[in-house]
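Remarks on the structure that follows.
The values are calculated or read from the model by the stated rules, or taken from the named source; none is laboratory data. Model, not experiment: these values are computed from the prediction. Reconstructed Cβ throughout: ideal geometry from the backbone, glycine too, with neighbour counts over all protein chains shown.
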Amino acid sequence: MGRPSERQEQRIPTLRKAFGRDMPFYMKSLLFTAFGSLLTIVSFAQPAFDTWEAESKTNKRLLPRYGHLPKTQEEIKSDSDYIKQMMALPQFKTRREASNHIIGLGFQYYYRPDFKTAMYRFNQAYLLDSTNTDIFWGYGAIYMAFGRSDLAKKQYDEGLSIDSTNTHLLTDLATYYMEQFYLTIQMPQNDIIKDPKAQARQFMDSAIHYLSKSYKLDHKDVNTVYKLSICYWNIEDCSKAWKYYDEAVELGGNPITEEYTKDLKKRCKRN
């Protein structure tokens, strides 16, 4: 549920202009495909989020969990009727099953991309089961699509504060830290970050921490395994880079890129 297909991955636009020419392309695309996003900061500029934010002031359905804003009696009745209609369907034995189904539909709209309808679905999933932490996965994906990784991180953190074992959130929070690593490692020394390389390494250590935790809970998620390989490649731990690469191949190989395979072979030659 929610992970991009191979066809969807191929629709990701090139990110070279966004982060410079020194970062390998597979790393650039990883920053955004890891969240399932089909758009990037390059093609989905800040004004688009400004429009979304402005509309959300009069449309609470664009806010995670409806912004916890009060609802009218008509809205409360509509929510109640929706829950009753969903739970009357024979395929759903529990509200969690129904909620998971709606999250899956939300990601289908997200990949089109139709972020507005996707957010509506994620919020409907919240109505069906407010304890389902995968809704934060969906909310975070929306914000990542707008290039607002800061807001995405808040969603991942909030979800993990409720369920620290949610592997979707752990892996996507780790990818947030991977993004910060790639952005920081290229920075010159400045008044805010005195040692960009040291700061970048801290971000990478955080990424590995959350990926490793996710891996221990679900070692068959190829998305998590692939990112672990890339993280260890970045810190030149070739043994672990190959270990997780091989595991990712055994799991089907998607979304391993040809570019990463070439770079891995170049830096980490096998005996």
Checked the range 245-271 for anything under 10 Å from VAL222 (Cβ atoms), modelled with pLDDT of 95 or more and surrounded by 12 or more Cβ atoms within 10 Å (Cβ to Cβ); matches are GLU247, ALA248, VAL249, LEU251
Give the residues of the range 161-213 that are surrounded by 13 or more Cβ atoms within 10 Å (Cβ to Cβ) and of a type in the set (Gly, Ala, Ser), sorted by residue number. ALA174, ALA200, SER206, ALA207, SER212
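Working carefully through the options MET1, MET23, MET27, find the one that is modelled with pLDDT of 50 or more and either surrounded by 16 or more Cβ atoms within 10 Å (Cβ to Cβ) or not basic (Lys, Arg) (or both). Quick ask: steps written out before the conclusion?
On the way: MET1 fails: modelled with pLDDT of 50 or more; MET23 fails: modelled with pLDDT of 50 or more.
Exactly one of MET1, MET23, MET27 is modelled with pLDDT of 50 or more and either surrounded by 16 or more Cβ atoms within 10 Å (Cβ to Cβ) or not basic (Lys, Arg) (or both), namely MET27.
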ARG65 is checked against (1) touching a residue at least 40 places away in the same chain (Cβ under 8 Å); (2) in a loop (DSSP other than H, G, I, E, B); (3) of a type in the set (Lys, Arg) and fails just one. What number does that condition carry? (2)
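Just checking, which of ASP129, ASP157 is surrounded by fewer than 21 Cβ atoms within 10 Å (Cβ to Cβ) and over 24 Å from LEU211 (Cα atoms)? Give the steps one after another, and end with the answer.
Working: ASP157 fails: over 24 Å from LEU211 (Cα atoms).
Step by step, each of ASP129, ASP157 is checked, and only ASP129 is surrounded by fewer than 21 Cβ atoms within 10 Å (Cβ to Cβ) and over 24 Å from LEU211 (Cα atoms).
Yes or no, residue by residue, for (1) under 16 Å from ARG61 (Cβ atoms); (2) under 14 Å from the mean Cα position of the chain (by Cα); (3) among the basic types (Lys, Arg); (4) part of a helix (DSSP H, G or I):
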position	(1), (2), (3), (4)
LYS84	no, no, yes, yes
PHE92	no, no, no, no
THR117	yes, no, no, yes
GLN124	yes, no, no, yes
ILE142	yes, yes, no, yes
ALA152	no, yes, no, yes
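Does any residue of the range 104-117 turn out to be among the acidic types (Asp, Glu) and either closer than 27 Å to TRP52 by Cβ or surrounded by 12 or more Cβ atoms within 10 Å (Cβ to Cβ) (or both)? Lay out the reasoning, then the answer.
As a first pass, look at the range 104-117 and keep what is among the acidic types (Asp, Glu): 114.
Those left that are additionally either closer than 27 Å to TRP52 by Cβ or surrounded by 12 or more Cβ atoms within 10 Å (Cβ to Cβ) (or both): 114.
The answer is yes; a qualifying residue exists.
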Within the range 219-242, identify whether any single residue is over 18 Å from TYR182 (Cβ atoms), outside any helix (DSSP H, G or I), at pLDDT 95 or above and not basic (Lys, Arg), and answer yes or no. yes
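ARG112: within 20 Å of LEU62 (Cα to Cα), among the charged types (D, E, K, R) and not in a helix (DSSP H, G or I), yes or no?
Numbers: within 20 Å of LEU62 (Cα to Cα): yes; among the charged types (D, E, K, R): yes; not in a helix (DSSP H, G or I): yes.
So ARG112 passes the test.
With the structure loaded, tell me whether GLU53 is part of a helix (DSSP H, G or I), farther than 22 Å from ALA141 by Cβ and free of Cβ contacts under 8 Å to residues at least 40 places away in the same chain or whether it fails that test.
Numbers: part of a helix (DSSP H, G or I): yes; farther than 22 Å from ALA141 by Cβ: no; free of Cβ contacts under 8 Å to residues at least 40 places away in the same chain: yes.
Answer is no for this residue.
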Of the residues in the range 62-83, those that are of a type in the set (Lys, Arg), within 21 Å of GLY106 (Cα to Cα) and surrounded by fewer than 16 Cβ atoms within 10 Å (Cβ to Cβ) number 0
